[in-house]
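Remarks on the structure that follows.
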Amino acid sequence: MKFIADLHIHSKYSRATAKNLDFENLYYTAQIKGVQLIGTGDFTYPAWIEEIESKLEETEPGLFSLKKEIAEKIDKTIPEDCRNPVRFILQTEISNIYKKDDRVRKNHNLIYFPDIKSVKQFNARLDAIGNIKSDGRPILGLDAQDLLSIMLEVNDKGFFVPAHIWTPWFSMFGSKSGFDSIEECFGSLKKHIFAIETGLSSDPPMNWRIKDLDNVRLISNSDAHSPGYLGRNASVFNTDLSFAAIRQALEKNDLERYKGTLDMYPHQGKYHYDGHRKCNICLNPATTAKIDGICPECGRKVTYGVLNRVQELATRPEGYVPQNRHGFKSIIPLADILSEIFEVGPKTKKVTGYYNQAIKALGPELGILLDSSFDEIEKANIPLLAEAVKKMRTGDISIDPGFDGEFGKVKIFSREEKEILRGEKYLLFDLAPRKNKAVKKVKSARKIKSAKKAKPKIKTRQDKIIVNKNQTNQKPVKPKDLLTGLNPEQQRAVDSSARAMIIQAGPGTGKTRTLTAKIAHLVSDKNIDPGSILALTFTNKAAKELELRIEKYLPRSKSTLLSATFHSFCLKLLKQYKDFNAVIADADLRIALIKKIMAKKTVVKHAKGEKVKIKTIRKIDSLISLCKQNLLSPGDDLKGFVEKQEMDYFQKIYSKYQSLCKEQNVADFEDLIFMTVNMFCDDKDILSKIKEKYLYVFIDEYQDLNFGQYELVKLLCNNNHIVVIGDPDQAIYGFRGSDNKYFKCFADDFPDCEMIKLNKNYRSTQTILDASFQMIAKKTESKKISDIGVPNREADRVFSDIKEGKKLIIKETATEYAEAVAIGKMIEKLVGGISFFSMD
């Protein structure tokens, strides 16, 4: 029988996957997509193999189906024309990171087994080698050749497929850490590799150019991280439904039993072209070669994409077609087509509504894209859908190629074509559309026979980039708008040569501009190497914003400023100096680990055998984080953080938690700073190297430091230049252990520092500023002056030149609920009487 297979997916237990990626949703989605065989994904993860055993049952040799009692409920929700049998094949993906031939190699590999017994034996082998419990797709320091050897030892009836082989970062042929041939990767076991996965950014014609792939089958899969992506790439078989038949069709190169692939246009893949996403630079390989791979915007190396790497290894010209090749068809997912038609996002309600309308009228998605006649599609009453599918099948489309992690964007219709096809564009007194070029183009597209596939029109974002290679290290023109127009306090901060400076800056006083101007001044006027500047913030968004602002004014050289969060900076150092490769635990994983510890009565004696409440587990999680923020280990004195009566109980759990994390190669978010401070204290040579590299340190929102970050800063900046900026009245990270006292003791930590206050506000009227000052002053008037850290609150007042607005109304309420109701009524007046509150 002929069927469509998607043999590479994930489960809800893998990182960056949807929470609804379970067997029920996969079963449902496979039917509306038209996929009859799908991988289980992630069979190495203990919780997922439990679900495989509890929800699936073997129906054909080596293939499984959803248990009848579960499937029957779902079948009732599926349109009748979409209902078809769905089978699962046991599949997982392993991330291999290892050193070979003096290079770090990173590649992903797919493994398939015909029975659960083999899966469990395989999992036991891997569990003895590394941590398979931390993520659905485990990361192992294991040579890919050794992984293949283990698979063969467990059950040589299974099969092994290198995953998305061209992806730059993690693949067999990847430009960042891959190999140049299958034999380099797998050595004498090369003969056991009879299929490879092409990935989203390449298609068969690209792979046909590589002679090393002549004797392997090209398969295509979605690598779905959510059910909606199922079937975006897939493979077509014409075999009996059994594990052995599928394996044999691939191994024997049987053109009748393995029919080929369904692929998104490779230009849609997020690594097709070269580029630099941060600078929105997308380059074809020829342009990349002209500029020596240096981003013309920021001076960094661009990420080399799949097309470039294919051309590097190719021994055949573009367009080469081998004999006895398997077929392939290029498709655009139906949601993307509808998104383009209606000019809204593919996940919007509008697209979802029309998608459901299409499958109810026409059947599964892949049937619509591949087989439905245009007359049939017209009957679904979805504007332009038939014409869009026709253009997709003939390749009469345009695509902005994907690059550096950003998916490509398909353009099926021009604005003019849409208007003509909808009958919207008429002359004032004419009854028919104007006979212009667009009309001819539409008519000619209708005449193209689907058997003759047109090449898609591929556009790039940067076709006109012209860069003189001799100019890439020159300084940019000095920005007039950045270093001019500063107020006196901002200018003083920029010009100061003080080794340590603290800038007190309230909201709207231009603190980010001041920081940016200060750094640009150091580089452009003082000739400071950008690579010696470190800017630390508290969020990725803030780090990105600061970096983007500053990079406009830095020389286009290979030396670049580092803008990062405290945690990402520490992670970078740990990877560089300690070969750190642990999985960073998110909240769910931390809770799961603590729950596992507390479930063991040998560790914690439960009162009357009661089950521990999730509230208690979360409290312990918070306490562990608080201890780590304060650089306290389980054996330290935790007085002041943990109640005396709970001390022994907590320390025991904390200690077991640390042991379990080490055993499973897991680290907390808060461990990153803790470990880095310990590294600096234990190894003065590493600290010296870091201090020699980062001579100038800038810290934003300094009032939000916690103790661990504070200690890190003191170690890092002793005798180096440091500029901090913030507002002690705006501390918002108390839940992370932050304390604005570190802002107030800056002068004690860095004697002879310069103190600057930015008092001019560019955002609010004076009325708003006066009111906010009164609230802040009232809040602190009962405290001692020494607690405030400021000799006179009046000196902190902020002023504005912005024209006055309406007067403020101050209204006191008895309760928080009364306050909310009062605010709601005021909003009702502003928005025209819409009720925001109900008294029911």
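Residue count for the stretch 130-150, restricted to those that are assigned to a loop (DSSP other than H, G, I, E, B), within 22 Å of Ala47 (Cβ to Cβ) and open to solvent by 40 Å² or more (accessible area, probe 1.4 Å): 2. State whether one or more residues within the stretch 282-304 are among the hydroxyl-bearing types (Ser, Thr, Tyr) and open to solvent by 40 Å² or more (accessible area, probe 1.4 Å). Looking for residues that are among the hydroxyl-bearing types (Ser, Thr, Tyr) and open to solvent by 40 Å² or more (accessible area, probe 1.4 Å), one finds at least one in the stretch 282-304, hence yes. The selection criterion, being in contact (Cβ under 8 Å) with a residue 40 or more places away in the chain and surrounded by fewer than 22 Cβ atoms within 10 Å (Cβ to Cβ), does not hold for Asp127. Can you tell me which residue within the stretch 22-52, out of those that are farther than 28 Å from Asp127 by Cα and small (Gly, Ala, Ser), is farthest from the chain's Cα centre (by Cα)? Filtering the stretch 22-52 for residues that are farther than 28 Å from Asp127 by Cα and small (Gly, Ala, Ser), the one farthest from the chain's Cα centre (by Cα) comes out as Gly34.
Just to be sure, is Leu536 surrounded by 19 or more Cβ atoms within 10 Å (Cβ to Cβ) and farther than 20 Å from Cys279 by Cβ?
yes
Scanning the stretch 174-198 for residues that are open to solvent by less than 10 Å² (accessible area, probe 1.4 Å) and under 24 Å from the mean Cα position of the chain (by Cα) yields Gly174, Ser177, Gly178, Glu197, Thr198.
For Tyr273, indicate whether it is in contact with a Cys (Cβ under 9 Å, 6 or more places away or on another chain), touching a residue at least 24 places away in the same chain (Cβ under 8 Å) and crowded, with 21+ Cβ neighbours inside 10 Å. Here the answer is yes, as Tyr273 does meet what is asked. With respect to Tyr577, determine if the residue is over 20 Å from Asn720 (Cα atoms), among the aromatic types (Phe, Trp, Tyr) and modelled with pLDDT of 90 or more. Judged against the criteria, Tyr577 is a match. Of all residues in the stretch 344-381, those satisfying the criterion of being free of Cβ contacts under 8 Å to residues at least 60 places away in the same chain and either aromatic (Phe, Trp, Tyr) or closer than 19 Å to Thr394 by Cβ (or both) are Tyr354, Tyr355, Ile368, Leu369, Asp371, Ser372, Ser373, Phe374, Asp375, Glu376, Ile377, Glu378.
Apart from one condition, Tyr355 fits all of (1) modelled with pLDDT of 95 or more; (2) on the phi > 0 side of the Ramachandran plot; (3) not hydrophobic (A, V, I, L, M, F, W, C); the exception is (2).
Per-residue answers, yes or no, for (1) open to solvent by 30 Å² or more (accessible area, probe 1.4 Å); (2) modelled with pLDDT of 90 or more; (3) closer than 30 Å to Cys661 by Cβ:
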| site | (1), (2), (3) |
| --- | --- |
| Gly510 | no, no, no |
| Lys526 | yes, no, no |
| Pro530 | no, no, no |
| Glu547 | no, no, no |
| Glu551 | no, no, no |
| Ser563 | no, no, yes |
| His567 | no, yes, yes |
| Asp586 | yes, no, yes |
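Residues of the stretch 336-354 that are open to solvent by 30 Å² or more (accessible area, probe 1.4 Å), hydroxyl-bearing (Ser, Thr, Tyr) and either under 14 Å from Gly34 (Cα atoms) or in a helix (DSSP H, G or I) (or both): Thr352, Tyr354.
Being modelled with pLDDT under 80 and within 20 Å of Val713 (Cα to Cα) is a description that does not apply to Ala498. Residues of the stretch 588-626 that are assigned to a helix (DSSP H, G or I), modelled with pLDDT under 80 and open to solvent by 50 Å² or more (accessible area, probe 1.4 Å): Ala607, Lys608.
For the stretch 53-79, the candidate set comprises residues that are among the hydroxyl-bearing types (Ser, Thr, Tyr) and closer than 29 Å to Arg247 by Cα; within that set, the residue that is farthest from the chain's Cα centre (by Cα) is Thr59. For the stretch 215-248, the set of residues classified as part of a loop (DSSP other than H, G, I, E, B) and open to solvent by less than 10 Å² (accessible area, probe 1.4 Å) consists of Ser220, Asn221, Ser222, Leu230, Gly231, Asn233, Thr239, listed by residue number. Here Pro205 meets each of (1) closer than 21 Å to Leu7 by Cβ; (2) in contact with a Gly (Cβ under 8 Å, 6 or more places away or on another chain) with one exception, condition (1). If only residues of the stretch 714-739 that are closer than 21 Å to Leu758 by Cβ and either open to solvent by 40 Å² or more (accessible area, probe 1.4 Å) or in a helix (DSSP H, G or I) (or both) are counted, the one that is modelled with the lowest pLDDT is Ile732.
Filtering the stretch 249-270 to residues that are over 27 Å from the mean Cα position of the chain (by Cα) and open to solvent by 10 Å² or more (accessible area, probe 1.4 Å) leaves Glu251, Lys252, Asn253, Asp254, Leu255, Glu256, Arg257, Lys259.
The values are calculated or read from the model by the stated rules, or taken from the named source; none is laboratory data. As the structure is a computational prediction, the values presented were derived from the model and not from experiment. As a convention, Cβ positions derive from the backbone with ideal geometry for all residues, glycine included, and neighbour counts pool all protein chains shown. Heavy atoms of the whole protein, side chains included, go into the accessibility calculation; ligands, DNA and RNA do not. Shrake-Rupley method; radii C 1.70, N 1.55, O 1.52, S 1.80 Å.
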